[in-house]
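J.: Have a look at this one before I ask anything.
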Amino acid sequence: MRSVYHNCYLRFILLFLFALIALSATNSVSARENIEDIASDEDIVEEVLLIRLVYIDIEQLAREEVEIPIAAGNFESPQKGVRADKIIILPGSTISARYQPADRQIQLFRGLTDERKLLGTLHVRYYPEPNNTWIPHFKLHQKIALVPKGKGWQAITLSGVAEPFLLSGSALPNAEGFYPQLEIGFGGKGFYLDSWFIK
């Protein structure tokens, strides 16, 4: 009788050990998959486009598109020194990922040197599409200040640009205030977008 109990006890112990080994292997694979997914989101190749800028000059009937890769750093625009009446900001590549890719920020500048002026900061956030894909949406941030002018006040940006961007176009923002595309300008006045910093 004792040997029967002994055999049952040994079988129970063996089954318990096998279950622990199987559970450990499953968790290890799951953890490895999660790490690979996160790494693939953070180390996306430079060929992936973050956004596309369409420079529009109404007087010249010119329309030039500039593609901006997702890589971080300082960049000069191929359209540097070229006046634009407005710029359309369009999404870049759709990204396939299990988890939401990290937000990006793009500081937009007039000029190329250390004295360049900050026009605004574009906040890029990815939103889900079908089949585990994500597409960028945009929110434009500008720091607005008021300075005395005559008997009233005039709005300026803290970067020294004469006035804030005006948004145009028919696209509507989502619940978090991000647009699927943006059209920016200075109310009919030309402006220059010469460089940017992506972080």
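J.: Go through Lys117/Lys151; Lys86/Lys151; Lys117/Lys143 and tell me which ones have a Cα-Cα distance over 23 Å in this structure.
T.: Going by Cα-Cα distance, Lys117/Lys151; Lys86/Lys151 fall outside the 23 Å limit.
J.: Give a residue-ordered list of calculated ³J(HN,Hα) values for segment 118-126 (Karplus: 6.51 cos²θ - 1.76 cosθ + 1.60, θ = phi - 60°; whole Hz; x for Gly, Pro).
T.: Along segment 118-126, the couplings run 6, 7, x, 10, 9, 8, 10, 10, 8 Hz.
J.: For a label point 7 Å from the Cα of Val66 along Cα→C-beta, name the residues of segment 173-195 whose backbone N is under 17 Å from it.
T.: 182-186, 190-195
Rule-based calculations on the coordinates, nothing more; no lab input. Source: prediction; values computed, not measured. Heads up, the Cβs are rebuilt from the backbone with ideal geometry, glycines too, and the neighbour counts pull from every protein chain shown.
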